[in-house]
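K.L.:
Here it is: the structure, laid out below.
The values are calculated or read from the model by the stated rules, or taken from the named source; none is laboratory data. Everything numeric in this text was worked out from a predicted model, so none of it was measured. Cβ: placed from backbone, ideal geometry, glycine included. Neighbour counts: every protein chain shown. Surface accessibility is based on the protein's heavy atoms, side chains included, excluding ligands, DNA and RNA. Shrake-Rupley method; radii C 1.70, N 1.55, O 1.52, S 1.80 Å.
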Amino acid sequence: MAAPALVRVAIPVPLAQTFDYIWPGPDARPGAGCRVSVPFGRGHRVGVVIEHPRTPAIEAHRLKAVTEALDDTPLIDSHLLALLSWASDYYRHPLGEVIAAALPKGLRVGKPAAAQPPAYWQLTAAGSARDRSTLAKKAPRQALALEHLAARIEPTPEAELRGLGIGTATLRRLFALGWIVTVEPPPTASRPPQGSSPELTQAQARALATLSAATDFNVAMLFGVTGSGKTEVYLRLIEQRLDADLQTLMLVPEISLTPQMVARLTDRFGGQLAVMHSGLADGERLAAWRRARDGTARVIVGTRSAVFTSFKRLGLIIIDEEHDSAYKQQDGFRYSARDVAVMRARMLDIPVVLGSATPSLESLANVQRERYRLVELTERIGSAGEPALRLIDLNHHSAGNGLSQPLLAAIEKHLAAGNQTMLFLNRRGFAPALFCPTCAAAAQCPRCDANLTLHAAIGRLRCHHCGNDRPADPSCPTCGTERVAVGEGTQRIEENLTAYFPNATIARLDRDATHRKGELAAILKSVNSGSVDILVGTQMLTKGHDFPNVTLVGVLNADQGLFGTDFRAPERLAQTIVQVAGRAGRGSLPGEVLIQTYFPHHPLLQCLLERGYAAFAAMALAERHAAGWPPFGRLVLLRADSHRKQDSENFLVAAARSARRHADTSQVTVLGPAPAVMERRAGRFRHQLILLAAQRAPLDALFGKWLAELKSIPEVNRVRYSLDVDPVEL
Ligand code: ADP
Ligand code: ZN
């Protein structure tokens, strides 16, 4: 008997293996990249064919047969499949789950890959000849349909006929009689582009010329201060690709926060644009995916997961704000969309442009090693120039309510000039602690090693780590003493500002103020229209907004980032300061930036303020180099958590021992295990183990045996564990 035809299928399950099935024939086997429905466990799953193996990975008698092939042509082309396999290997994540992450939900559950075109109907010659008044007596609906189609000379969408009460049965009958036929839908009138492009400045023209010089694989780091016209350069690059009939993928960290970016792209590219992000409804996402794949969308702007979109002819990838940690997925399949994008470009032999006003140290190290080309835009567009940055020493100017006297005076001055102020504080809520003076203790989350945050307006205490939520009793539950709110969150700052500036309009931009649909857009709109005088907000403020009338930016507390435990804390702080400062003085009005700190002599702040981000980055890179940390070393983090503290501890102690046994310890350093920064979170104890190596190869050599051995550690069933390759947070 001939050996059965086999297909190897990746199925989205948390198992690091693929599954072989018999293809029952007689048709040809579905090719690699086609979806199939296969029996799995007690039910069925949708998987993707990876290859046609000659011999099965399991005994032949245990093989089951494919139930149904879902695609005639591959949904995932060979290039994308190669990229996904690479990502699965690199991040040590099951291929089936990696592929699932690349597909919109509709396709994961087996919906057709091609959109079903809407039906259009038209009269035939026989249909036009039919006498409608006699027909109307015995079949009024048929007559109505013919009447309507006769009046409407163009092909008529079926939905329009249904609107008249004409159902499928009637249409079928008319079709059977040969009176009507379906026709191809008329070409959709695509929305024409509206905007015209401004003439480039000399600096932009130079940058564009350098960036467009090569069309094969190369990575360019476009390092341009905020407002230097990077986006305009992206738009020109995209236009060049359109002229060559090629698609562009543009990744952005966040879409909802930057409606201006999408508006600009829509203006310029009209109906050729598709937007992809997690806020879309399943159907919309699927529609955008299909348009990218069939090539009707030629500019695709999207967040992280858009890096896995299927394209017809991709010619360029742009990664805006490449330093943003939102590009790293922090759970499940923990990939970096930036790094995957660079790999994708390499495989396709097309260029990548990374853009930022505050490039990541990783990318700057690649510039130093001459792997990436540096292209700079050093001047802002317009007459405003760079904002002036100044420190306010809180040791000399008390800020008991979060706002020091020099800052209040500056706000006063900018208000009087009719301009807007933006205040940044990375802490939402009213106060970060509700404190009992008698017990000398703050209200704690029962499930986390963290204080509860007071949300005074709604009278509740909330944990910002696990979501625990309870009424805020003003008196201490232990001793009855009246408790006091200590410290400031954005809500309290908003309240304090109202007291100082009763005539000013104050708005707040943070997660609490924007969780209902439409709230975010409304706040951004009122800031843009100038009706808001002072805007207080969290990290959300740093994200690329272009508010032309903001002339003063205040950073209320820079110190949180100065002494962080994460080796990336200084880099993050510098990026935040520069990004938030970049919101000041974007139009023709010069900007001023004031930073409150208790550590005005800290070398990081000094370097950043006196010599700028590039100098800061050089200093920080030298420190990383000395310590062997990324980008000069490769990191892998093994995290584990459990209900009982000793389970994850013991698990990681055993994991560390195993790593030391299998690794070439001259090349791999095993650090820990150690408790996570917040050891207990949502009732679980969290620990982590770090592997550090100068190169990736010795880590790769270790993974196979080590990861297999983790499964036999006695505590394995009592812990949740995950591997994070190139972690961005420790
Ligand atoms: P970035 O992306 O670097 O922050 P943008 O491209 O958004 O900079 O440009 C900043 C502002 O300057 C925007 O309002 C933009 O419309 C405007 N702008 C950019 N390039 C030009 C130009 N060549 N001529 C006139 N205005 C420009
Ligand atoms: Zn909690």
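K.L.:
Report the semi-axes of the equivalent ellipsoid for the stretch 1-152 in whole Å, largest first, where each axis is √(5λ) for an eigenvalue λ of the Cα gyration tensor. Walk me through the intermediate numbers first.
P.N.:
Values: eigenvalues 456, 71, 35 Å².
They are 48, 19, 13 Å, listed from largest to smallest.
K.L.:
Extension gain ALA5-GLN260, at 0.36 nm per residue separation less the Cα-Cα distance, in nm?
P.N.:
Numbers: separation 255, 0.36 × 255 = 91.80 nm, distance 5.31 nm.
Contour length minus Cα-Cα distance gives 86.5 nm.
K.L.:
Turning to a different aspect of this structure: Taking +1 at the Cβ of each Lys and Arg and -1 at the Cβ of each Asp and Glu, which of VAL536, THR378, SER475 sits farthest along the dipole of the chain towards its positive end, judged by Cα position relative to the Cα centre?
P.N.:
Checking the options against the dipole of the chain, the answer is SER475.
K.L.:
Is the C-alpha gyration tensor of the stretch 634-725 telling us rounded, prolate or oblate? Criteria: a/c under 1.5 is rounded; beyond that, a/b larger than b/c is prolate, otherwise oblate.
P.N.:
Because a/c hits 1.5 or more and a/b exceeds b/c, the stretch 634-725 counts as prolate.
K.L.:
Would you mind pulling out the separation of the Cα centroids of the stretch 1-58 and the stretch 386-413, in Å?
P.N.:
65
K.L.:
Next question, about the same structure. With unit charges on the beta carbons (Lys and Arg positive, Asp and Glu negative) and the dipole taken about the Cα centre of the stretch 202-377, which residue among GLN202, ALA244, VAL353 sits farthest to the positive side?
P.N.:
ALA244
K.L.:
Which one, PRO26, PRO74, GLY106, is farthest towards the positive end of the dipole of the stretch 6-108 when Lys and Arg carry +1 and Asp and Glu -1 on their Cβ?
P.N.:
GLY106
K.L.:
If you take the square roots of the eigenvalues of the alpha-carbon gyration tensor of the stretch 120-183 and sort them as a ≥ b ≥ c, do you get rounded (a/c under 1.5), prolate (a/b over b/c) or oblate? Please report the intermediate quantities before stating the final value.
P.N.:
Values: a/c = 1.40, a/b = 1.16, b/c = 1.21.
Rounded shape, in that the Cα axes give a/c under 1.5.
K.L.:
Using +1 on the beta carbon of Lys and Arg, -1 on that of Asp and Glu, and nothing else charged, what's the dipole of the stretch 634-725 about the Cα centre, debye to 20?
P.N.:
Working: 16 positive and 9 negative charges, 45 e Å.
The calculated dipole for the stretch 634-725 is roughly 220 debye.
K.L.:
Tell me, how many Å apart are the Cα centres for the stretch 63-126 and for the stretch 444-512?
P.N.:
The stretch 63-126 and the stretch 444-512 have Cα centres spaced 47 Å from each other.
K.L.:
How large is the dipole of the chain about the Cα centre if only Lys and Arg carry +1 and Asp and Glu carry -1, each at its Cβ, rounded to the nearest 20 debye?
P.N.:
With only Lys, Arg, Asp and Glu charged at Cβ, the dipole is about 2080 debye.
K.L.:
Follow-up question, since we're still on this one. Carbon and sulfur together cover what percent of the accessible area of the chain at a 1.4 Å probe radius?
P.N.:
Within the chain, the accessible surface is 52 percent carbon and sulfur.
K.L.:
Report, in degrees rounded to the nearest 10, the 0 to 90 angle that the Cα long axis of helix 282-294 makes with the longest principal axis of the chain.
P.N.:
Relative to the chain, helix 282-294 is tipped by roughly 70 degrees.
K.L.:
Do me a favour and compute the ellipsoid semi-axes for the chain from its Cα gyration tensor, root of five times each eigenvalue, largest one first, whole Å.
P.N.:
Over the Cα atoms of the chain, the ellipsoid semi-axes are 48, 37, 28 Å.
K.L.:
With the cut-off at 1.5 for a/c, could you classify the stretch 280-417 from its C-alpha gyration tensor as rounded, prolate or oblate? All intermediate terms of the calculation are to be shown ahead of the outcome.
P.N.:
Values: a/c = 2.34, a/b = 1.94, b/c = 1.21.
Here the stretch 280-417 falls in the prolate category.
K.L.:
According to a simple spin-label model (label point 7 Å from Cα along Cα-to-Cβ), what is the distance in nm between SER133 and THR210?
P.N.:
For the pair THR210/SER133, the computed spacing is 8.0 nm.
K.L.:
So what is the relative contact order of the chain, in percent, for Cα pairs below 8 Å that sit 6 or more residues apart? Could you put the intermediate results ahead of the total?
P.N.:
On the way: 1396 pairs, mean separation 72.9, N = 730.
With pairs under 8 Å counted, the relative contact order is 10 percent.
K.L.:
Specify the angular offset, from 0 to 90 degrees and rounded to the nearest 10, of the alpha carbon long axis of helix 519-528 from the longest principal axis of the alpha carbons in the chain.
P.N.:
70
K.L.:
Return the loop-located GluC sites (Glu not before Pro) in the stretch 18-110 (DSSP other than H, G, I, E, B) with at most 12 other Cβ atoms within 10 Å of their own Cβ; answer none if there are none. Could the numbers behind the result be given before it?
P.N.:
Working: sites: GLU51, GLU59, GLU68, GLU97; in loops: GLU59.
For GluC sites (Glu not before Pro) across the stretch 18-110 that sit outside H, G, I, E and B with at most 12 neighbouring Cβ atoms in 10 Å, the list reads GLU59.
K.L.:
List the GluC sites (Glu not before Pro) within the stretch 626-730 that DSSP assigns to loop and that have no more than 14 neighbouring Cβ atoms inside 10 Å.
P.N.:
Taking the stretch 626-730 and a limit of 14 other Cβ atoms within 10 Å, the loop GluC sites (Glu not before Pro) found are GLU729.
K.L.:
Dipole size in debye (nearest 20) for the stretch 120-183 around its Cα centre, Lys and Arg Cβ +1, Asp and Glu Cβ -1?
P.N.:
The dipole magnitude comes to about 300 debye.
K.L.:
Just from its helices, what would the mean residue ellipticity at 222 nm be for the chain, if runs of 4 or more DSSP H residues each count -39500 (n - 2.57) and the sum is divided by every residue, rounded to the nearest 500 deg cm²/dmol?
P.N.:
About -10000 deg cm²/dmol.
K.L.:
Report the local net charge at ARG304: Lys and Arg +1, Asp and Glu -1, summed over other residues whose C-beta lies under 14 Å from its C-beta.
P.N.:
-2
K.L.:
Taking a probe of 1.4 Å, how large is the accessible area per residue of the stretch 6-108, in Å²? Intermediate results must be reported in sequence, preceding the final value.
P.N.:
On the way: 4910 Å² over 103 residues.
I get 48 Å² per residue for the stretch 6-108.
K.L.:
Output the 0 to 90 degree angle, nearest 10, between the alpha-carbon long axis of helix 259-269 and the longest principal axis computed from the alpha carbons of the chain.
P.N.:
Helix 259-269 and the main axis of the chain meet at about 40 degrees.
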